[in-house]
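Since the structure comes first, as structure tokens, the remarks are kept for the end.
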Amino acid sequence: MAAKILAESEFPEGDLWVFGYGSLIWKPGFAFLEQKPARLIGEHRSLCIYSMVHRGTYEKPGLVLGLDRGGACQGVAFRVAAAERKATVAYLREREQVTGVYREVMRSVWLKGDARVSALAYVADRSHDQYAGRLTIDEQLRLVRQGHGAYGPNDEYVIATVTALEAQGIRDAPLHRLAAMLHGEGALHRHS
């Protein structure tokens, strides 16, 4: 399935803001000038994407985050120098668009202090086969327990994300609940 990406003309001039809501918070993988707490309205963080590559396989899918419609999402906005924009977008496409499950979009985000910027974000494509929709906590737990892909075990992804959210002062109740269930199994004590 073809990835949904922006045309060059859809990017703003100058520095590029990138909105991180999951693993980008703890592992951006690109150079940035600054990062600020940010809020995106209209979509929320959700474990709604079956992972077939990074945190699972086609035989045993894992579960990763996407921005899904409705609500709001607290995350982090990264400001990338204009000179690094093309390289950063290329990197993000390689990382986020492996199977085309995300739509690449520009969204308004509010930075701490009420400044509004337009930021690059990756939103769940509800028409894609890997869109899981709303799963019960038990279904999430089963998928996260079984998931292991090119980037490692799925439980480490969930726990690292929750740890990064906590470091930013963000509480995501459903994700924290899942991490607590995984923590009860000793997942936090595993060394990579």
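The values are calculated or read from the model by the stated rules, or taken from the named source; none is laboratory data. Computed from a predicted structure; not experimentally measured. FYI the Cβ positions are ideal-geometry reconstructions off the backbone, even for glycines, and counts take in every protein chain you see. Only protein heavy atoms, including side chains, enter the accessible area calculation; ligands, DNA and RNA are left aside. Shrake-Rupley method; radii C 1.70, N 1.55, O 1.52, S 1.80 Å.
Quick notes on this one:
- Expressed to the nearest 5 percent, the antiparallel share of DSSP beta bridges inside the chain is 90 percent.
- Shown here: the range 84-192, whose C-alpha atoms stretch 41, 36, 29 Å along the first, second and third principal axes, sorted largest to smallest.
- Calculation over all alpha carbon pairs of the chain in 10 angstrom steps from 0 returns a P(r) of 9, 37, 38, 14, 1 percent.
- Per residue, the chain exposes 49 Å² of solvent-accessible protein surface, assessed with a 1.4 angstrom probe and all protein chains in place.
- Only helical runs count toward this figure. For the chain, summing -39,500 (n - 2.57) over DSSP H runs of n ≥ 4 and dividing by all residues gives -8000 deg cm²/dmol at 222 nm.
- Packing order of peptides 114-127, 133-146, 5-18, highest average first: 114-127, 133-146, 5-18 (average count of other Cβ atoms within 10 Å over each peptide's residues).
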